[in-house]
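The values are calculated or read from the model by the stated rules, or taken from the named source; none is laboratory data. Since the model is a prediction, treat every value here as computed from it, not as a measurement. In this analysis, Cβ positions are derived from the backbone assuming ideal geometry, glycine residues included, and neighbour counts consider all displayed protein chains. Protein only, heavy atoms only, side chains kept; ligands, DNA and RNA dropped before computing areas. Shrake-Rupley method; radii C 1.70, N 1.55, O 1.52, S 1.80 Å.
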Amino acid sequence: MKTRIFLAVGVALMAWPALSSAQRAGPAQTQQLTDEVTAADQAFFSAFFDRCDLPALAKMVTDDLEMFHDKNGYMTKTGKEFLDGIAGTCARQKTGEDYRARRELVPGTLKVYPLNNYGAVEVGVHRFFQLLPGKPEKLVEVSQFTHVWKKDESGWKLARVLSFDHRLTE
């Protein structure tokens, strides 16, 4: 009897690392998911930086969007608050108080992981360039990001933003 119990415990202990590592690994990245989230990411940042297109952005964020930034802390707790902040930035750009910027995803850094029954997590590194009239664009900052995207009947919407490890390039 003791031998059987010892044997059962031994087998269970040997199987434990394999089971727990399989549970930690989670679902693998899929190309279709990566393509969809990459397209949503590009559409979002194009509407934001290239066009200041608030109606398009409003369709790309959840009502409960939260954004955390390493320099500015807990920045927004609703989609409306986020859009109001973007509207202010766009207004300052029109008057010249603020400069326009371009965002570039660093090639090879993007990773996308599924979130079952919700959407996806996107992580990567991006660069920001200052755009001033009559001058060449200038790299000003590099940072890491983690985005949580929600997929609903209308498409992909940004739900959570972690923007961190901002490094000035000057």
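Close Cβ contacts (under 9 Å, 6 or more residues apart or on different chains) running from residues in the stretch 122-141 that are in contact (Cβ under 8 Å) with a residue 60 or more places away in the chain and of a type outside the set (Val, Ile, Thr) to residues that are surrounded by 15 or more Cβ atoms within 10 Å (Cβ to Cβ) and part of a loop (DSSP other than H, G, I, E, B) comprise Glu122/Leu110.
For the stretch 88-105, the criterion of a residue being open to solvent by less than 70 Å² (accessible area, probe 1.4 Å), closer than 29 Å to Gln32 by Cβ, touching a residue at least 60 places away in the same chain (Cβ under 8 Å) and outside any helix (DSSP H, G or I) is satisfied by at least one position.
Residue count for the stretch 55-74 satisfying the condition of being free of Cβ contacts under 8 Å to residues at least 60 places away in the same chain and either touching a His at 6+ places or on another chain (Cβ under 6 Å) or over 17 Å from Ser154 (Cβ atoms) (or both): 3.
Counting just the residues of the stretch 75-87 that are crowded, with 18+ Cβ neighbours inside 10 Å and touching a strand residue (DSSP E or B) at 6+ places or on another chain (Cβ under 6 Å), which one comes out nearest to Trp156 (Cα to Cα)? Checking each candidate, the answer is Gly79. Within the stretch 43-64, none of the residues are under 27 Å from Thr169 (Cα atoms), of a type outside the set (Ser, Thr, Tyr), in contact with a Phe, Trp or Tyr (Cβ under 6 Å, 6 or more places away or on another chain) and surrounded by 15 or more Cβ atoms within 10 Å (Cβ to Cβ).
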